1. Yes or no: Tyr118 among the hydroxyl-bearing types (Ser, Thr, Tyr), in contact (Cβ under 8 Å) with a residue 24 or more places away in the chain and assigned to a helix (DSSP H, G or I)?
2. Please find, within region 246-265, the residue that is surrounded by the most Cβ atoms within 10 Å (Cβ to Cβ) out of those that are in contact with an Asp or Glu (Cβ under 9 Å, 6 or more places away or on another chain) and among the small types (Gly, Ala, Ser).
3. Go through the residues of region 158-167 one by one and say whether even a single one is within 25 Å of Glu272 (Cβ to Cβ), more than 15 Å from the chain's Cα centre (by Cα) and buried (at least 17 other Cβ atoms within 10 Å of the Cβ).
4. Look at Thr79 and say whether it is over 23 Å from Gly275 (Cα atoms), modelled with pLDDT of 95 or more and either part of a loop (DSSP other than H, G, I, E, B) or of a type in the set (Gly, Ala, Ser) (or both).
5. Output the helices (runs of 4 or more DSSP H) that fall wholly within region 185-264 and possess 2 or more residues being closer than 27 Å to Pro17 by Cβ, or say none.
6. When you scan region 181-196, do you find a residue that is buried (at least 21 other Cβ atoms within 10 Å of the Cβ) and more than 15 Å from the chain's Cα centre (by Cα), even just one?
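The values are calculated or read from the model by the stated rules, or taken from the named source; none is laboratory data. Since the structure is predicted, the reported quantities are computational estimates derived from the model, not experimental observations. Reconstructed Cβ throughout: ideal geometry from the backbone, glycine too, with neighbour counts over all protein chains shown.
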Amino acid sequence: MLLDTHIHVMKTDPVAPDAMLRSMDENRVDYNVLFSDEPLYHSREVSELRAHNKERLDNLLAWCRGHDRLLPVYFLNPTEQDAAEQVDRALEAGCIGFKVICETHFPGDERAMPVYRYIASLGKSILFHSGILWDWGDNGNFNRPCNWECMFNVPKIRFALAHISWPWTDECISVYGKFCAMYENPKYDDQRMYIDMTPGTPPIYREEVVRKVFGVEYWGMEDRLLFGTDAFTTGYDAAWVRSFADSEAAMFDRLGVSKEAQEKIFWKNAAEFWGLNLGK
């Protein structure tokens, strides 16, 4: 089974879930997690923000409603004044969790932390962009993995850092190791960090990074890795997704990763992360 946990819905694309599902069927892709279009980061006009947020949630639902293999995740800016209300609306509409990019703020921003705690209290997960951000802004430092140590202060949080935090992959692995030791800390309250293996890493670095991910032998690593592609609804091609998954499986074989661990990476871990009951 294959679950792609990292696909972007573009609001400019025609809504075409049937075409996506046909492509998935033809290429043995079982589930897609779809992120709504991104927030408006540089507007302070409340009416504009609310209209945009409603539009992009509605568009996400148009892709996913009635299709249980297309899994909706709401793209949230946790610093917006009504972020907690957006959380409620997204969950009431059927979203399974949240995507966040720290485009204009650090992860531990005082406006964002209560929103993370609220999401965690509801038993939902957050997938964060992590690593260099290929955007026009001066925002790379917002997305260095050490900045997510703030999640020590969010009880019962489940969060993932995407792209193995490229180019700060060693730092990402180190932060994961620190969370592994968290159970000995008085603040420990079931905080769980995952690593979304979506590239990120250019092909020349890919095998080296994945070798480190497994070679470091931090506790539970094979249970906390997620498969993703960073695909878009624009020109969605499940044949490419399957080809990438097959190349990842071949790399895992070369590195001695067990078939059991590969099954976890390709779908079981994501099902646990998003709180899904999946199976064939």
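1. Taking the combined requirement at face value, the residue satisfies it.
2. Across region 246-265, the extreme among qualifying residues is Ala261.
3. No: region 158-167 contains no residue that is within 25 Å of Glu272 (Cβ to Cβ), more than 15 Å from the chain's Cα centre (by Cα) and buried (at least 17 other Cβ atoms within 10 Å of the Cβ).
4. Values: over 23 Å from Gly275 (Cα atoms): yes; modelled with pLDDT of 95 or more: yes; either part of a loop (DSSP other than H, G, I, E, B) or of a type in the set (Gly, Ala, Ser) (or both): yes.
When the stated conditions are applied, Thr79 passes them.
5. Of the helices (runs of 4 or more DSSP H) lying wholly inside region 185-264, those with at least 2 residues that are closer than 27 Å to Pro17 by Cβ span 238-254.
6. Initial filter on region 181-196 (buried (at least 21 other Cβ atoms within 10 Å of the Cβ)): 193-196.
Remaining after also requiring more than 15 Å from the chain's Cα centre (by Cα): none.
Scanning region 181-196 turns up no residue that is buried (at least 21 other Cβ atoms within 10 Å of the Cβ) and more than 15 Å from the chain's Cα centre (by Cα).
Residues are listed down the side, and each one gets a yes or a no for (1) more than 23 Å from Gly275 (Cβ to Cβ); (2) at pLDDT 95 or above:
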| site | (1), (2) |
| --- | --- |
| Leu3 | no, yes |
| Val9 | no, yes |
| Ala16 | yes, yes |
| Ser23 | yes, yes |
| Leu40 | yes, no |
| Arg44 | yes, no |
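Residue-wise test of (1) closer than 26 Å to Ala271 by Cβ; (2) touching a helix residue (DSSP H, G or I) at 6+ places or on another chain (Cβ under 6 Å); (3) surrounded by 22 or more Cβ atoms within 10 Å (Cβ to Cβ); (4) of a type outside the set (Gly, Ala, Ser).
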| position | (1), (2), (3), (4) |
| --- | --- |
| Thr104 | no, no, no, yes |
| Pro107 | yes, yes, yes, yes |
| Pro114 | no, no, no, yes |
| Lys124 | yes, no, no, yes |
| Gly131 | yes, yes, yes, no |
| Glu149 | no, no, no, yes |
| Phe152 | yes, no, no, yes |
